[in-house]
Each structure stands twice: as C-alpha cells, then as structure tokens.
1. From the set of residues in region 40-68 that are of a type in the set (K, R) and closer than 12 Å to L9 by Cα, which is surrounded by the most Cβ atoms within 10 Å (Cβ to Cβ)?
2. In region 12-30, which residues are under 17 Å from E95 (Cβ atoms) and touching a Ser or Thr at 6+ places or on another chain (Cβ under 8 Å)?
3. Among the numbered criteria (1) touching a strand residue (DSSP E or B) at 6+ places or on another chain (Cβ under 9 Å); (2) under 14 Å from E100 (Cα atoms), which single criterion is violated by L9?
4. When the residues of region 15-36 are filtered to those that are small (G, A, S) and in contact with a helix residue (DSSP H, G or I) (Cβ under 7 Å, 6 or more places away or on another chain), which remaining residue is surrounded by the most Cβ atoms within 10 Å (Cβ to Cβ)?
5. Within region 69-94, restricting attention to residues that are closer than 12 Å to L51 by Cβ and polar (S, T, N, Q), which residue is surrounded by the most Cβ atoms within 10 Å (Cβ to Cβ)?
6. Specify the residue that is nearest to N79 (Cα to Cα); the eligible residues are those in region 1-14 that are of a type outside the set (F, W, Y) and either within 13 Å of the chain's Cα centre (by Cα) or surrounded by 15 or more Cβ atoms within 10 Å (Cβ to Cβ) (or both).
Amino acid sequence: MMLSYFYVLYCKDGTLYGGYTTDINRRLNEHNSGTGAKYTRPAYRRPAHMLYAESYDTRSEATKAEAAFKKLTRRQKENFLKTNGVKFPLIKQKECIVNESAGRNEDNDGNTKEL
C-alpha cells in the first residue's frame, strides 16, 4: 500500500508551506529545484527544509490535513509543530520529523487500523 503524506516546509524567507505527496524526498527535491509548487518556485523561498510530515493511508486524509494546516494562523501553525516535536527556532531543526501513524491507530498487537 502506498502511503500519502502531509508535510510542512520551512522556506528561506521564514514562511511555512504545507503540502501533500506520496514521496517526501522527491517532493522536497522538486521544491528546491524550482519545479515544485508555485509558492516555492521563487529563488528567495529556496532552499526549503522539510520540518514535519505525517503519513496517511489515503490521499483524502492527507489532503484534509493539508487543508486544515493552511487555515491556521502562523502562531497556530507554530504551536502545531511544537506539539509534534519540531524544535524552535525553526532554523535549528535539522531533520524532518515523520509521524508514521497519523490517521491510523495501533491495536495491542502492534497492528495498524484506520481511526
């Protein structure tokens, strides 16, 4: 099964960008090469660093998470990231935190199931 991801980038200009993908490494490379989203194409927004990603079983779940994130204020976005383990100031966050169980629940046997 192919997972879908909601992810958050920290852009060179200090802005946050939320997106959806099935391959987080490929997508980050696309953003940084200027072939990703229109938002990250300008050179002043690159390079971007992937701060956070959540995996989902379906594209629908991942795009819903993306849409919800995009509706948040900057302060709410920062609180969301802090709650999920992202270090502040953001420039100090070196590696992407990937939550592999977002949108899924593990039972006592370690098996995953949808919420």
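1. It comes out as R45.
2. R27
3. Going through the list (1) touching a strand residue (DSSP E or B) at 6+ places or on another chain (Cβ under 9 Å); (2) under 14 Å from E100 (Cα atoms), L9 breaks only (2).
4. Ranking the qualifying residues of region 15-36, first place goes to G19.
5. Here the answer is Q93.
6. Filtering region 1-14 for residues that are of a type outside the set (F, W, Y) and either within 13 Å of the chain's Cα centre (by Cα) or surrounded by 15 or more Cβ atoms within 10 Å (Cβ to Cβ) (or both), the one nearest to N79 (Cα to Cα) comes out as V8.
One line per residue, one yes/no per condition, for (1) touching a residue at least 60 places away in the same chain (Cβ under 8 Å); (2) touching an Asp or Glu at 6+ places or on another chain (Cβ under 8 Å); (3) among the aliphatic types (A, V, I, L, M); (4) more than 23 Å from S101 (Cα to Cα):
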site: T21; (1), (2), (3), (4): no, no, no, no
site: K38; (1), (2), (3), (4): no, no, no, yes
site: Y44; (1), (2), (3), (4): no, yes, no, yes
site: L81; (1), (2), (3), (4): yes, no, yes, no
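The numbers here are math on the coordinates, done by the rules we state, and not lab data. Bear in mind the structure is a predicted one, so any value in this text is a computation, not a measurement. Every residue, glycine among them, receives a Cβ derived from its backbone with ideal geometry; neighbour counts consider all protein chains shown.
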